[in-house]
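The values are calculated or read from the model by the stated rules, or taken from the named source; none is laboratory data. Note that the structure is predicted; figures quoted are calculated from it, not measured. Note that each Cβ is placed from the backbone with ideal geometry, even for glycine, and that neighbours are counted across all protein chains shown.
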Ligand SMILES: [Zn+2]
């Protein structure tokens, strides 16, 4: 007869013990850096709420892993107990049980209890504090209300699948969570199959990225708990079911695919002087004047209406997009260059979509019509107005492929500052000009105007200008793999 003990009582090298545990989380199978070793980690807890790490290696993974399902209770006997070396300890777990094909595991029946485990969730509004920091990750709680299309990305001849899911909290704020590869194959499929029932997830050790202002992504050591038996998760699911109508409206409006200033703009947003902005910063906030009076340019490009990638299709023509693979009509989209100017310097930036239309006071369609009729847009009034305005601008460097060109930036968001605020300290959120800017814009490959043979002065000048095929192509995705710092191209 083995001794039935609690997690705390079980020490390294102990024999002849048993312990009843519940599986709190089950991570993906991962490779160890630079070795052929594969491992899969678990977190177990007992009735006292004590936790221990479970780990399975290599060939034992396919045999033993299916025997341990998340939230289920098991009696485990005589696993190999070790102390985790300090540098590998995480989340306060000090001991490790190595589960091998010899370990005795028996499922224990019983009602599913509420987990006696406390999580420290980060509010959606505080996520930007953790943005783009390799050493920081967050735990979040949210209800999954929708998903975007799955994408396949090729990086260093290795393919990765990624799909974005929309998380909602009780304040009706949304944030996008990218699930990569195994996360998509495992928990992602459960989410997709149960979308109608408002699955609640706890995402553990997620990375915060700057896509859309703020977004989340799985990382190699993340864990996703789907509908975990904890009080807060059940409350949130209940809330979602009571608010099905307003959630349907959120899904319908699709505002979650746009930049969300409520999450990314801080009440006391700090800004950088333009002379101090560098391409190594993932994003920067500046207070600047916008000027494009001196820039001769086309104010639109033909795009896929779904993903905004540039296309050679004619306006209104139904075509299958090479980028998103969706069939749809080609639409002119507003896009132009501006100079961002403050007392310290000037940098060039591009502005896209709704945000660009608001500044330009013309739509992409109007810009196209003028272009096609060889008429210059009447912009004198806009230029005069801009001289009196200062904007709070969120920018991101463009990955440029041309050597010796000036570093360009993409405007993710901009909002006009009230005149008195322009030079003083910002004390409250400025009124925004627009709530939307799709970062998809960055995936655009701008085309040449391509209308050879025109004798029109305007068109000739435009053609010359746009013959320098400008190629802007970066990726919104950050790789979940620690070894890959390079930005991947969309497949
Ligand atoms: Zn497309």
_Among the residues listed as 216, 236, the single one being modelled with pLDDT of 90 or more and either in a strand (DSSP E or B) or surrounded by fewer than 18 Cβ atoms within 10 Å (Cβ to Cβ) (or both)_ = 216
_Here is a list: 165, 183, 119. Which entry is touching a residue at least 40 places away in the same chain (Cβ under 8 Å), assigned by TED's automatic domain parsing to the domain that holds residue 241 and surrounded by 14 or more Cβ atoms within 10 Å (Cβ to Cβ)?_
183
*Name, by its number, the condition in (1) away from the ligand (no atom under 16 Å from the Cβ); (2) without any contact (Cβ under 8 Å) to a residue 24 or more places away in the chain; (3) farther than 17 Å from residue 415 by Cβ; (4) part of a loop (DSSP other than H, G, I, E, B) that does not hold for residue 294.*
(2)
*Residues of the range 147-162 satisfying the condition of being assigned to a loop (DSSP other than H, G, I, E, B) and either under 22 Å from residue 123 (Cα atoms) or in contact (Cβ under 8 Å) with a residue 60 or more places away in the chain (or both)*: 148, 149, 156
*Taking the options 289, 258, 254, 282, name whichever one is away from the ligand (no atom under 16 Å from the Cβ) and over 28 Å from residue 343 (Cα atoms).*
258
*From (1) surrounded by fewer than 17 Cβ atoms within 10 Å (Cβ to Cβ); (2) part of a loop (DSSP other than H, G, I, E, B), pick out the condition that doesn't hold for residue 362.*
(1)
*For the range 177-213, what are the residues that are within 14 Å of the chain's Cα centre (by Cα) and over 16 Å from residue 121 (Cα atoms)?*
178, 179, 180, 209, 210, 211, 212, 213
_The listed residue being within 16 Å of the ligand (Cβ to nearest atom) and over 23 Å from the mean Cα position of the chain (by Cα), out of 353, 364_ = 364
*asked:* Please verify whether residue 354 is over 25 Å from residue 259 (Cβ atoms) and surrounded by 14 or more Cβ atoms within 10 Å (Cβ to Cβ), treating the condition exactly as stated.
replied: no
